[in-house]
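Participant: This structure is in structure tokens; I'll ask about it shortly.
The values are calculated or read from the model by the stated rules, or taken from the named source; none is laboratory data. It should be emphasised that the depicted structure is a prediction, and the values quoted were computed from it without experimental measurement. When we count neighbours, we look across all protein chains shown, and the Cβ atoms used for this are built from the backbone with ideal geometry, even at glycine.
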Ligand SMILES: [Cu+2]
Ligand SMILES: [Cu+2]
């Protein structure tokens, strides 16, 4: 009897202990649940934004030589092509056409905009203009077709010019919405916020000119409308030998942060083939069976038919034997 | 034998003693130091206090808006005159595209323009960036709360963020989609320019609009009945000339179960036709109408647009999780199950408490008549309670209720997509109003005052009398010893601030700290070691006394057998 009591006590002791342990674990796990609440994403460091980070080497010592520039051809040739624009929906009639003009901000009544244009001021790092180039940039949804997982794009993702080049961009927006050609990282003493910006509602073209600095560098070009850059409208202007590549340019550079992809359970043609194969197998099986049963039936009939014949043989023998 | 009992008892009491000893000494209260919180200003510092005053811009009279975050007066001037009829200086203060609101042609010669073109774009808020670990452009509905959302936005000019250094959204890009105001008889074109990466449409719920238009084709906004989805980069015109006034609703009708919940819905008000009726075509951010229509001014002292909405966190999280539009489409169209969804965020005019105090207060004085237009664009019925007041329901879904049969209530049930027009009278008679105060107005479903489960949040705001307003336009509560600053912290909505710690000096309901002495982890491992010891002891006992056990067992068996034997 005493032994059983000992055992009972021991078991009871273990039981109480284990329950308290269990309770402990439960409270711990609920605390963890709390801690796991998703608080991430709120603390973003602005520095991480890839807009910045173009350190401009501005040669402050070098004197800007204005005499070398040809002042004669300073005609602002930011011709805004109204002809292609679909005025169908909105008849502006006799409304005021206000054109906003200050040193570096030009806007017309439809929001076509040229900001940070520079036709004549040489960057301090340049002695003269190295080349004059015209670049046509097309923008639209259709250019995203060759880049899976994007929605908008420019027709090209990279342009190359020489240092100190005078570049005129003809920005052709082929969509029926707004798009922008926005360049960042330009010297701030020449370009407000270091930006050159063309904006237009398509289908329509807007043109603007800049003079790129003398150093090798790579400049971000993008559309800043919410998620246009994120969804493909991103490119780079490479000056000379260029600098660090800009991340996340379709077909050119990888994203900094990638999505995860997994195999999808999508219906396929081979599924259908498999399905019809199964159907065929089932019908074949029945067909086979029909044949088998048919043959059996024939055999049976034959057999039945033959019974009298077979029976006759031994009978005869018996008769023969008897006789 | 006795010593065995002793050992067993000892182990039993030791095990209980561990627990008993711990409960004798409970952990101390840990008080969160206020300095450790990221306390935001009650009023958004980017908004100029000068915007609160009554003023006149471009000949447009703009009523005072004493709350701490009033609308930009330039927005109101542009909305009343049209972006085509204001100076470039005023236009530049709005951030609107010069063709955002075009007003022309006084067709009936009554002194106001009758051709109205409103251009809307579709903007994403708080979406994933492939460039940096964060969201862009950001829009907080409450401190630290950034639900993934889509909105109709007035056509803007320039960047989608405040400026180049910021990831915060341009103030024109916000929840809710803007309130649209036009007049009966106006030839209205709502031009949707789909700047978003998904197909969308506009359905004009309750607005008198033809099912199809000669020039523009089908225009009910429904991809199963009237038109194809409007693809990214495309533009579509929705044209109508409404014959009936009323508070109505516009929303996207493509994959409505997700697109509406994401924020693609707004209020549209058809005002009665009056001479010289220059309307505030857009009320960006809803709330107080600072330039009410002639018809409203005939009967009321003030007008407020109150847009109630609800959002599911899990739905909004999809655009925070993926950048690839195909993955977003897959999760929204093929995987997200609206029947399993729950609403987590309740907003009034795009914001949750305490931000509702910044711009959605109903600021009143005694003996005023205030028109409240209410829309519920959430997925469930709401029940809005006005503390201290009974208001009269004048219109249901834009249609006037028989004036003789109009009723007064203090709880207003509003079904999804439903609109109610209320007449709030601040007559201190114990029925219309119980007198001056800072009276709450809130969705009386308990969850309506929560933000992802955290109270106080949700769509609650106040009907506050001017005498209860402090200098910066917030309700005066400090004289009751109330401090709302804890609500202006993201830590509070992260569930990390014990709000009751401040109710008394010794924080009787503060947060308990960890146990003193042994940590829970050490305690657990100790207990495990103890169990091991017990088990070892048990095995030893069995081994050492195996003979006795054997004998005992034999004896028991024989005892059990013996009765049978004796019977025989
Ligand atoms: Cu774009
Ligand atoms: Cu939609």
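Participant: Tell me the strands (runs of 3 or more DSSP E) entirely within region B:168-241 that contain at least 2 residues that are within 15 Å of residue B:253 (Cβ to Cβ) and touching a residue at least 12 places away in the same chain (Cβ under 8 Å).
Facilitator: In region B:168-241, the matching strands (runs of 3 or more DSSP E) lie at B:187-193, B:203-205, B:235-240.
Participant: Just to be sure before I move on: is residue A:237 surrounded by fewer than 23 Cβ atoms within 10 Å (Cβ to Cβ), modelled with pLDDT of 95 or more and either within 16 Å of ligand 1 (Cβ to nearest atom) or within 28 Å of the chain's Cα centre (by Cα) (or both) in the structure I sent?
Facilitator: On the way: surrounded by fewer than 23 Cβ atoms within 10 Å (Cβ to Cβ): no; modelled with pLDDT of 95 or more: yes; either within 16 Å of ligand 1 (Cβ to nearest atom) or within 28 Å of the chain's Cα centre (by Cα) (or both): yes.
For residue A:237, the condition - surrounded by fewer than 23 Cβ atoms within 10 Å (Cβ to Cβ), modelled with pLDDT of 95 or more and either within 16 Å of ligand 1 (Cβ to nearest atom) or within 28 Å of the chain's Cα centre (by Cα) (or both) - is not met.
Participant: Follow-up. In region B:130-162, how many are within 8 Å of chain A (Cβ to nearest Cβ) and either in contact with a helix residue (DSSP H, G or I) (Cβ under 9 Å, 6 or more places away or on another chain) or not in a strand (DSSP E or B) (or both)?
Facilitator: Qualifying residue count, region B:130-162: 14.
Participant: Does region A:175-184 contain any residue that is at pLDDT below 95, within 16 Å of ligand 1 (Cβ to nearest atom) and touching a strand residue (DSSP E or B) at 6+ places or on another chain (Cβ under 6 Å)?
Facilitator: Taking region A:175-184 first, the residues at pLDDT below 95 are A:184.
Restricting the remaining residues to those that are within 16 Å of ligand 1 (Cβ to nearest atom) gives A:184.
Checking the rest, the ones that are also touching a strand residue (DSSP E or B) at 6+ places or on another chain (Cβ under 6 Å) come to A:184.
Among the residues of region A:175-184, at least one is at pLDDT below 95, within 16 Å of ligand 1 (Cβ to nearest atom) and touching a strand residue (DSSP E or B) at 6+ places or on another chain (Cβ under 6 Å), which makes the answer yes.
Every residue, every condition in (1) closer than 18 Å to residue A:198 by Cβ; (2) at pLDDT below 95; (3) away from ligand 2 (no atom under 16 Å from the Cβ), yes or no:
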| site | (1), (2), (3) |
| --- | --- |
| A:82 | yes, yes, yes |
| A:90 | no, yes, yes |
| A:113 | yes, no, yes |
| A:136 | yes, no, yes |
| A:142 | no, no, yes |
| A:157 | yes, no, yes |
| A:165 | yes, no, yes |
| A:168 | yes, no, yes |
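Participant: Being under 20 Å from residue B:101 (Cα atoms), away from ligand 2 (no atom under 16 Å from the Cβ) and within 13 Å of another protein chain (Cβ to nearest Cβ) narrows it down to one residue among B:174, B:181; which is it? Working first, answer last.
Facilitator: Values: B:181 fails: within 13 Å of another protein chain (Cβ to nearest Cβ).
Exactly one of B:174, B:181 is under 20 Å from residue B:101 (Cα atoms), away from ligand 2 (no atom under 16 Å from the Cβ) and within 13 Å of another protein chain (Cβ to nearest Cβ), namely B:174.
Participant: If we scan region B:185-197, do we find a residue that is under 30 Å from residue B:240 (Cβ atoms), within 16 Å of ligand 1 (Cβ to nearest atom) and touching a helix residue (DSSP H, G or I) at 6+ places or on another chain (Cβ under 8 Å)?
Facilitator: yes
Participant: Answer yes or no as to whether residue A:274 is under 38 Å from the mean Cα position of the chain (by Cα), under 30 Å from residue B:328 (Cβ atoms) and at pLDDT below 90. Step through it out loud before you land on a result.
Facilitator: Numbers: under 38 Å from the mean Cα position of the chain (by Cα): yes; under 30 Å from residue B:328 (Cβ atoms): no; at pLDDT below 90: yes.
In short, no.
Residues are listed down the side, and each one gets a yes or a no for (1) outside any strand (DSSP E or B); (2) more than 9 Å from chain A (Cβ to nearest Cβ); (3) within 16 Å of residue B:460 (Cβ to Cβ):
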| site | (1), (2), (3) |
| --- | --- |
| B:309 | no, yes, yes |
| B:316 | yes, yes, no |
| B:323 | yes, no, no |
| B:329 | yes, yes, no |
| B:332 | yes, yes, no |
| B:343 | yes, yes, yes |
| B:347 | no, yes, yes |
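Participant: Select from region B:228-258 the residues that are on the phi < 0 side of the Ramachandran plot, away from chain A (no Cβ under 13 Å), in contact with a strand residue (DSSP E or B) (Cβ under 6 Å, 6 or more places away or on another chain) and away from ligand 2 (no atom under 13 Å from the Cβ) and list them in ascending order. Show your work before the answer.
Facilitator: First pass over region B:228-258, keeping only residues on the phi < 0 side of the Ramachandran plot: B:228-232, B:234-245, B:247-254, B:256-258.
If we keep only those that are away from chain A (no Cβ under 13 Å) as well, we get B:228-229, B:240-245, B:247-254, B:256-258.
Among the residues that remain, those that are also in contact with a strand residue (DSSP E or B) (Cβ under 6 Å, 6 or more places away or on another chain) are: B:240-242, B:245, B:247-254.
Passing the criteria: B:240, B:241, B:242, B:245, B:247, B:248, B:249.
Participant: From A:243, A:232, A:294, which residue is away from chain B (no Cβ under 14 Å) and either closer than 30 Å to residue A:189 by Cα or modelled with pLDDT of 95 or more (or both)?
Facilitator: Criteria check complete, one pass: A:243.
Participant: Answer with yes or no whether residue B:104 is more than 27 Å from the chain's Cα centre (by Cα), over 19 Å from residue B:196 (Cα atoms) and in the same structural domain as residue B:268 (by TED's automatic domain parsing). Spell out how you get there, then give the answer.
Facilitator: Details: more than 27 Å from the chain's Cα centre (by Cα): yes; over 19 Å from residue B:196 (Cα atoms): yes; in the same structural domain as residue B:268 (by TED's automatic domain parsing): yes.
Considered against the rule, which asks whether it is more than 27 Å from the chain's Cα centre (by Cα), over 19 Å from residue B:196 (Cα atoms) and in the same structural domain as residue B:268 (by TED's automatic domain parsing), residue B:104 comes out as yes.
Participant: Restricting attention to region B:57-90, which residues are assigned to a helix (DSSP H, G or I) and buried (at least 24 other Cβ atoms within 10 Å of the Cβ)?
Facilitator: As a first pass, look at region B:57-90 and keep what is assigned to a helix (DSSP H, G or I): B:73-81, B:88-90.
Passing the criteria: B:73, B:75, B:76, B:77, B:78, B:79, B:80.
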